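As structure tokens, the structure follows; a few thoughts come after it.
The values are calculated or read from the model by the stated rules, or taken from the named source; none is laboratory data. Remember, it's a predicted structure, so these values are computed and weren't measured experimentally. Positions of Cβ are backbone-derived with ideal geometry, glycine not excepted, and every protein chain shown enters the neighbour counts. The protein model used for the area step is the full one, side chains on, heavy atoms only, and it has no ligands, DNA or RNA in it. Shrake-Rupley method; radii C 1.70, N 1.55, O 1.52, S 1.80 Å.
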Amino acid sequence: MLVLVASSIGWYALFCLLGGTLGGIYQLDWPMPFGPALFAVDPLSALFLFPLFLVSGCVALYSLSYWPAAERSDSARLTLFVGVFTAAMVLVLLVRNGVLFLMAWELMALAAYFLLTTEQHNREAQKAGTIYLLATHSGTMALFALFSLLHRVTGSFLLPAPHSLSTSVTLEAVILVTALIGFGGKAGLMPLHFWLPGAHANAPSHVSAMMSGLMLKMGVYGILRTVLLFVDLPGWFGWLLLVLGGWSALNGIALAAGQRDLKRLLACSSIENIGIIFIGIGMALVGLQTGAQVLFICGFFGAFLHIVNHGLFKSVLFLGSGVVLHSSGTREMDRMGGLAKRMPVTAALFLVASLAICGLPPLNGFVGELFLYLGALYDGIASPLPVLALVAPLLALVGGMAAITFVKAYGTIFLGTARSTVAEHRHAADGPMVGPMLLLAVCCLAIGLAPLLLVRMVAPVVRFYSGADVNLADLGGLQIPLMPLTALNLLLLALIVVLAVCYRLRLHGLPKAASATWGCAYQAPSPRIQYTGTSFSEMMVNLVGYVAAPQRLKPVLAGFFPARTATFSYRPVELLLDRVLTPLFSWIGLAFSYMRRLQHGQLHIYVLYVFATLFVLMIWAH
Amino acid sequence: MIDIIIHCTVALLLPPLLLGVITKTKAAFAGRIGAPLLQSYYDIFKLFRKGSVFSTTTTWVFRAGPLVTLAATVTAALLVPLGRHNAPLSFDGDMVLFAYLFGLGRFFTTAAALDTGSSFEGMGAAREVTFSCLAEPTLFIALITLARMSGSLRLSTILTYPSPGLWLATGASMLLLVAALFIILLAENCRIPFDDPTTHLELTMIHEVMVLDHSGPAFGVILYSAALKLLVLGAVFVNVALPVSTGDSLEDWGLFVVAMLALAVGIGVVESVMARLRLLRIPQLLVGATILSAFGMLLVLR
């Protein structure tokens, strides 16, 4: 409840800021060794605060009925950490002191850990929590290095003013790479994404919504903040971000397409969306480097719009997955089916968000991607060697695979008939949880229909980077088609409505019959003969087998019919985690087990260790 | 103004005729007389007067599928130039919206197929999304190459720019693009060698099997949308492959209609002389088309 109040206050404050000039600075001089505590709001923070307040407010409202305090004993803990988590994220966005930033960052990371291990007796959640903790702390290690390096350059832990830092080429490269490791890991950029699917899948759904919609963005914020510090950036950095972004987008969605677990699927698609955001940032930095203003503007607009948009539609999807989970009792899509009949509102909202995440008009996902396409296409006609133009076919491929993934998810969960008795007998209804989802989905539609609203909001951030005003109406001969887009989207909706009315009127006068689905005259159909989500995406998963090679365990067949005990199992494998990191870490664990011989609990030998160490040190000092 | 009216009239009325021409050509190849040229119009008209059967499994998504697809295709038809005339609506980057409108239609068609709970339709939907996902990059590479030649990001300029002179100057590149676009045209419209639109009982079918459970007016809408899609993508192809202009607006319209009918005959010939590809070969052909268009792009950069 407190989060709700706080976020509405935050909203009010944000609107005040957006109305006036952005530049509130608050300095607290205290006698701490790391210097004064400096808090500031600039357009970059405001960009991230906007979805943060909106989504956390909705999540708080949602959790009242999703995790009711009266029924769940652990709800006090959950509520506490949701509040801490939100507050820590706000702090991360506001502080301008390296040490305080690290504190807020750790607070956020640890709160997320406690949130995702809410179901602490679940082994899977424990494992996901450990992997998350290892990953986030490896990232924090890089951040320690980053802020120490910055301290060495500026002599203070306060972050330097934008566009003011210039150092030697090597030091700049080291700073950028440590930032990329530290923040990129948090954002889920490949190849540092391995903690993400498990963590998102095992957290309570509203926490997953916050982690995916908001926490990943903190990593993006970190990179944007670091980039902002420098006077000029090396050329390779933009290209590096672009390549990593493209790689994440393509492989993230390939991974998502093969999943059976609904929340894992959503988590993998977060990797894809983070990839798209980084494609935009990379494009903008390349544009900044080469002086191509259109690339710069389109890249940043695309990335910033997608940051907000992804926060909105991914939250709807995760909150929707919570409702689905509540009513079906399983995360496995292949056991669900036919939920649209029992929860029509959830089904409709999930559909809206699915369309948005595939980047289809008339929803908000399309607007962000349109900017990236425009940048790529402009590069295609204007630059002598249009490498960036390849972003367009790449995005098209990623969009196509996103469509496979979300048609599969939507179709398997909500359409058809229930595939298992588990999904059928549970109590299922929309409930009060759909309220917050509705609000977010309406935002998606509103931004899709009137992209100018969000573009106006994002423009100050782009100006913050470029230092000059942005005129979208004429960018070197390119006109950003915001008004035509609104007109066409409205036309599309109007056409749909007119056709629907005509169709209804037409149906009235004609005979209608209801019957079972046509099954080639097969008389005993059962829900089990329906196409499952796994088979739906199988063709594509086989084509991209290098990244999402799932394990298929087939039964050994003897005789004409398989035995009753014969089972087939399908398990999507994550290449890096399952094939590389887990074996590596278990090998390291094995190697270190020999070290345990030193730890035997015999006191006199320990005293001997102390003596030997002292002796060696004395000799070394001489 | 007159051009806009003609554009809408041609776009709305011509499509079923193309289906008729294709059927007639195939009949001629098989030595039959075949159905009348206007048979598709009769079919659609008849379907609009027929009753419907709805599966008890379905929800509103099943009913919305054909309608959203038609609305998206009609909107896309307003963006593409027919013949040598600018489209009624055009803006920078309209090709992105053009491609994504088909994506919207596809999302709803496949969702409607899954709504029936039939495994046939699930299979069809899975194939449809997979193959179109592979076809999409080709379309974009081809459009970027053409955009680079014309120096514009508007479909109207890009597609009316090719001329006999351009063909003479960059013949190799144009040839590769035309080949890639033809493959995409056949794949997106579910024609042989990708799909066989005349049957739906084989387990290898794509589009026809997705719409098995639709009946009555909804099926009429599907038939019409498919024909309209053929016209729209066919117009993209014809604009690139046959860049002839007479200079007179009305004569150009006539020329466009003749070219579209010729394209329909061409598709009919391809369908008559080829067998459908094995399902596993289809991705290879689609990736092949992507590589063709990428070659076309490289040749332009040279």
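A:Glu272 falls short on exactly one of the conditions (1) acidic (Asp, Glu); (2) open to solvent by 10 Å² or more (accessible area, probe 1.4 Å); (3) closer than 28 Å to A:Met457 by Cβ, and that condition is (2). Taking the criterion of being crowded, with 19+ Cβ neighbours inside 10 Å, within 14 Å of chain A (Cβ to nearest Cβ) and in a helix (DSSP H, G or I), the residues of region B:150-172 that qualify are B:Leu155, B:Ser156, B:Ile158. Name the single residue that is nearest to A:Arg504 (Cα to Cα) among those in region B:51-73 being assigned to a loop (DSSP other than H, G, I, E, B) and at the interface with another protein chain (Cβ under 7 Å from one of its Cβ atoms). Taking the candidates together, the pick is B:Gly51. Selection within region A:283-304: residues that are in contact with a Phe, Trp or Tyr (Cβ under 7 Å, 6 or more places away or on another chain) and small (Gly, Ala, Ser). The member of this set that is nearest to A:Ser212 (Cα to Cα) is A:Gly302. Taken over region A:150-166, the criterion of being open to solvent by 30 Å² or more (accessible area, probe 1.4 Å) and either within 18 Å of A:Gly238 (Cβ to Cβ) or in a helix (DSSP H, G or I) (or both) is satisfied by A:His151, A:Arg152, A:Val153, A:Thr154, A:Pro162, A:His163, A:Ser166. Is it fair to say B:Ala113 is facing chain A (nearest Cβ under 9 Å), closer than 15 Å to A:Met401 by Cα and in a helix (DSSP H, G or I)? Against the criterion (facing chain A (nearest Cβ under 9 Å), closer than 15 Å to A:Met401 by Cα and in a helix (DSSP H, G or I)), B:Ala113 does not qualify.
Has region A:174-183 got at least one residue that is hydroxyl-bearing (Ser, Thr, Tyr) and closer than 20 Å to A:Trp105 by Cβ? Scanning region A:174-183 turns up at least one residue that is hydroxyl-bearing (Ser, Thr, Tyr) and closer than 20 Å to A:Trp105 by Cβ. Scanning region B:179-193 for residues that are out of contact with any Leu (no Cβ under 7 Å at 6 or more places or on another chain) and open to solvent by 20 Å² or more (accessible area, probe 1.4 Å) gives B:Phe182, B:Arg191. Looking across region B:74-91, the residues that are of a type outside the set (Gly, Ala, Ser) and in a helix (DSSP H, G or I) come down to B:Val74, B:Thr75.
Identify the single condition in (1) in contact (Cβ under 8 Å) with a residue 12 or more places away in the chain; (2) open to solvent by 10 Å² or more (accessible area, probe 1.4 Å); (3) not charged (D, E, K, R) that A:Gly291 does not satisfy, given that it satisfies every other one. Every condition holds for A:Gly291 apart from (1). Residues in region A:491-506 that are among the aliphatic types (A, V, I, L, M) and either touching a residue at least 60 places away in the same chain (Cβ under 8 Å) or within 7 Å of chain B (Cβ to nearest Cβ) (or both): A:Leu491, A:Leu492, A:Leu493, A:Leu495, A:Ile496, A:Leu499, A:Ala500. Going residue by residue through region B:199-206, is there one that turns out to be in a helix (DSSP H, G or I), touching a residue at least 60 places away in the same chain (Cβ under 8 Å) and either open to solvent by less than 40 Å² (accessible area, probe 1.4 Å) or over 27 Å from B:Leu19 (Cα atoms) (or both)? Checked against the condition, which is being in a helix (DSSP H, G or I), touching a residue at least 60 places away in the same chain (Cβ under 8 Å) and either open to solvent by less than 40 Å² (accessible area, probe 1.4 Å) or over 27 Å from B:Leu19 (Cα atoms) (or both), region B:199-206 yields no hits at all.
Restricting region B:239-252 to residues that are of a type in the set (A, V, I, L, M, F, W, C) and open to solvent by 10 Å² or more (accessible area, probe 1.4 Å) leaves a set whose member that is farthest from B:Arg84 (Cα to Cα) is B:Ala241. So, in region A:510-536, how many residues would count as being free of Cβ contacts under 8 Å to residues at least 60 places away in the same chain and more than 9 Å from chain B (Cβ to nearest Cβ)? So the count comes out to 5. Taking the numbered list (1) in contact (Cβ under 8 Å) with a residue 24 or more places away in the chain; (2) within 9 Å of chain B (Cβ to nearest Cβ); (3) not acidic (Asp, Glu) in turn, A:Gly400 passes all entries but (1). All of (1) facing chain B (nearest Cβ under 10 Å); (2) touching a residue at least 60 places away in the same chain (Cβ under 8 Å); (3) in a helix (DSSP H, G or I) hold for A:Arg419 with one exception: (3).
When each of B:Thr145, B:Thr130, B:Thr138 is tested for being open to solvent by less than 10 Å² (accessible area, probe 1.4 Å), within 30 Å of B:Arg63 (Cβ to Cβ), touching a residue at least 40 places away in the same chain (Cβ under 8 Å) and part of a helix (DSSP H, G or I), the lone residue that passes is B:Thr130. Of all the residues in region A:348-375, those that are more than 22 Å from the chain's Cα centre (by Cα) and within 8 Å of chain B (Cβ to nearest Cβ) number 1.
Restricting region B:104-125 to residues that are open to solvent by 10 Å² or more (accessible area, probe 1.4 Å) and of a type outside the set (Val, Ile, Thr) leaves a set whose member that is nearest to B:Arg63 (Cα to Cα) is B:Phe108.
Annotation note: of A:Ala142, A:Ala179, the sole residue that is among the hydrophobic types (A, V, I, L, M, F, W, C), in contact with a Leu (Cβ under 7 Å, 6 or more places away or on another chain) and either open to solvent by less than 30 Å² (accessible area, probe 1.4 Å) or on the phi < 0 side of the Ramachandran plot (or both) is A:Ala179. Flag set for B:Gly34, criterion: without any contact (Cβ under 8 Å) to a residue 12 or more places away in the chain and over 26 Å from B:Leu78 (Cα atoms).
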